[in-house]
1. Picking from Ala140, Ala145, Ala110, which residue would you name as being more than 27 Å from Ala21 (Cβ to Cβ) and either at pLDDT 95 or above or assigned to a helix (DSSP H, G or I) (or both)?
2. Provide a single number: the residues in the range 62-100 that are in a loop (DSSP other than H, G, I, E, B) and either acidic (Asp, Glu) or over 17 Å from the mean Cα position of the chain (by Cα) (or both).
3. As an exercise: evaluate Gly133 against (1) touching a residue at least 60 places away in the same chain (Cβ under 8 Å); (2) within 30 Å of Thr87 (Cβ to Cβ); (3) small (Gly, Ala, Ser) and give the number of the one condition it does not meet.
4. On the given criteria, is Pro75 more than 24 Å from Ile13 (Cβ to Cβ) and of a type outside the set (Val, Ile, Thr)?
5. Take the conditions farther than 20 Å from Gln109 by Cα and at pLDDT 95 or above and apply them to Leu40. Does it pass?
6. Within the range 128-160, track down each residue that is buried (at least 17 other Cβ atoms within 10 Å of the Cβ), farther than 14 Å from Pro104 by Cβ and in contact with a helix residue (DSSP H, G or I) (Cβ under 7 Å, 6 or more places away or on another chain).
7. If you check every pair at least six apart or on different chains, which have Cβ atoms under 6 Å apart with a residue in the range 38-63 that is within 17 Å of Thr76 (Cα to Cα) first and a residue that is not in a loop (DSSP other than H, G, I, E, B) second?
8. Of Thr114, Thr47, which residue is under 23 Å from Val153 (Cβ atoms) and not small (Gly, Ala, Ser)?
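The values are calculated or read from the model by the stated rules, or taken from the named source; none is laboratory data. Worth saying up front: this structure is predicted, and the values here are computed from it rather than measured. Every residue, glycine as well, gets a Cβ built from its backbone with ideal geometry; the counts of neighbours run over all protein chains shown.
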Amino acid sequence: MLNVGGLTRCTTIDYPGELAAVLFCQGCPWRCGYCHNRHLMSEQADTPISWEEIIRFLERRRGLLDAVVFSGGEPTMQASLPAAISTVKDMGFLIGLHTAGAFPDILGQALQLTDWVGMDIKAPFEEYDMITGIPGSGEAARTSAELVRRSGVLHQFRTTLDPFLQKERRIESMQQMVAAWGEKLEIQRMAVWKQ
């Protein structure tokens with residue numbers, strides 16, 4: 001089932017207005033310099049949490065938690081994500097998804113089961129590889145952003161304020177792009193930036 005590298009048992013900040021648990025899905029194809037979850041980049045967790053353990057935990061939290069957020073790493077990297085979401089949704093939880101949109105096909109399947117999405121916009125799409133280190137990542141993100149916009153699922157577009165974005169009016173360009181969609185880009189500031 002889902003490869004999980006971490007668990008936050010209770011949070012008020014990862015799903016707007018709801019008390020939630022966060023499952024940190026293992027693996028990410030992108031290599032953003034400011035990533036604060038580097039331990040989740042590889043496909044194999046140092047200390048994985050079994051899916052059975054996750055289900056037992058959630059069984060005990062029915063009626064106490066409102067939502068479960070699938071975060072990462074990059075959750076859409078795992079083909080088992082939609083099935084995992086379906087299992088948790090059937091338990092009565094709202095479903096949140098944090099994604100950067102690296103895998104639009106999996107995202108499209110997951111959106112059908114999701115109640116809220118927080119999508120990270122890393123840079124202007126044509127300059128994504130400057131942040132992710134992966135050529136072509138901007139096109140995947142562009143496709144995913146379009147899927148999220150058209151899905152009808154409640155969502156938020158956000159970005160991490162990397163020093164790269166503060167040059168050449170990139171952040172302003174991103175804000176204008178999202179405003180043209182009729183939405184707002186939430187800016188998350190970093191306490192520490194790593195190069």
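1. Among Ala140, Ala145, Ala110, only Ala140 is more than 27 Å from Ala21 (Cβ to Cβ) and either at pLDDT 95 or above or assigned to a helix (DSSP H, G or I) (or both).
2. Residues flagged as in a loop (DSSP other than H, G, I, E, B) and either acidic (Asp, Glu) or over 17 Å from the mean Cα position of the chain (by Cα) (or both) within the range 62-100 amount to 7.
3. (2)
4. No, not satisfied.
5. Judged against the criteria, Leu40 is not a match.
6. Those that are buried (at least 17 other Cβ atoms within 10 Å of the Cβ), farther than 14 Å from Pro104 by Cβ and in contact with a helix residue (DSSP H, G or I) (Cβ under 7 Å, 6 or more places away or on another chain): Met130, Ile131, Val153, His155, Phe157, Thr159.
7. From residues that are within 17 Å of Thr76 (Cα to Cα), the pairs are Leu40/Gly5; Leu40/Phe24; Leu40/Gly72; Ala45/Gly5.
8. Testing whether each residue is under 23 Å from Val153 (Cβ atoms) and not small (Gly, Ala, Ser) leaves just Thr114.
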